[in-house]
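The values are calculated or read from the model by the stated rules, or taken from the named source; none is laboratory data. All values reported here derive from a predicted model rather than from experimental measurement. A quick note on method: Cβ atoms are made from the backbone with ideal geometry, for glycine too, and the neighbour counts reach across all protein chains shown. The accessibility values were calculated without ligands, DNA or RNA, using every heavy atom of the protein model including side chains. Shrake-Rupley method; radii C 1.70, N 1.55, O 1.52, S 1.80 Å.
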Amino acid sequence: MASNFLEWLAETPFLAAFLLLAIPGILISVLGILLVRAFYPSEYRITGTAAQAKINYMAEIYAVMIGLFLVSAFEQYQDMQTTVRNEALALRALSQTTAQFSPSAQGALPDLIQDYLRTVIEEEWPLLKFGDESQAAQVDLDRIFAGIAEAGRYSAEDRGIAVQAQQIATQVLTRRAERVTNGPGNGDALPNMLSSVLIILTLVAIALPWFVYTPYAIVHILLGTALVVVFISLITLAVKMLYPFAGELMLQPDDFVAALQTLTDLPKNGTTP
């Protein structure tokens, strides 16, 4: 369940979230425009160049802030896509490497790798939505490390293979750490603070058009509506990319499913991934 504004925005479908924010925002914006025009003399609105310059400057700064937030969220989303794929590829490489152990040294390592993949797909993936993780997945990973260490004790050749396997398993561990720390981070402090900041930014987006100076009321209202629509849509999109495992932009465990299928089929066809 969503516990703050960020999480609610991330898991709510884009169109629904946009309409729930934009419709009241447009109404408030239009009401504010009419009130400002009614109580602020038109000659001041037209000739007040200093005030107009300040409002334009504030609007530009606000637009830059939203743009940076969107770019940062997009980069994090792309990085998480790469992290997920690299972890799945590392697991396939780990399976290939452990297959080189002598039969007595290999033990249950193939099954342990498959167990980890299943746990991630079935148990951990749904928990990633808001930055949680599965302890069972960590236990499976610990068993893989223990299995590699045990396999390296059988012979000098197995020790060399174990060194390679441990290096690859460390890559899996690192990628998993990056995957489970997606989004604004664990805990409530930072997400709640970001939620408050985004609420303030949304209110600023609604209020900015009040002070856009133009002698024509219809143009003023249309311009204000356009600004509210643009700003709210950008904020909504950025938040959705900030949570790569939630909502309609949710990353799917397809690479893990493909890796598991490949490893499951190995004993049957004798091929390598």
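Structure data summary
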| read-out | value |
| --- | --- |
| Leading residue by the ranking (most open to solvent (accessible area, probe 1.4 Å)) among those in region 174-201 that are hydroxyl-bearing (Ser, Thr, Tyr) and modelled with pLDDT under 80 | SER196 |
| Test for GLU150: is it surrounded by fewer than 20 Cβ atoms within 10 Å (Cβ to Cβ), farther than 29 Å from SER104 by Cβ, modelled with pLDDT of 85 or more and among the acidic types (Asp, Glu) | no |
| Enumeration of residues in region 73-116 that are under 21 Å from the mean Cα position of the chain (by Cα), open to solvent by less than 70 Å² (accessible area, probe 1.4 Å) and not β-branched (Val, Ile, Thr) | ALA73, TYR77, MET80, ASN86, GLU87, ALA88 |
| Candidate set from region 228-269 (those that are open to solvent by less than 10 Å² (accessible area, probe 1.4 Å) and over 17 Å from the mean Cα position of the chain (by Cα)); member that is nearest to GLU178 (Cα to Cα) | PHE256 |
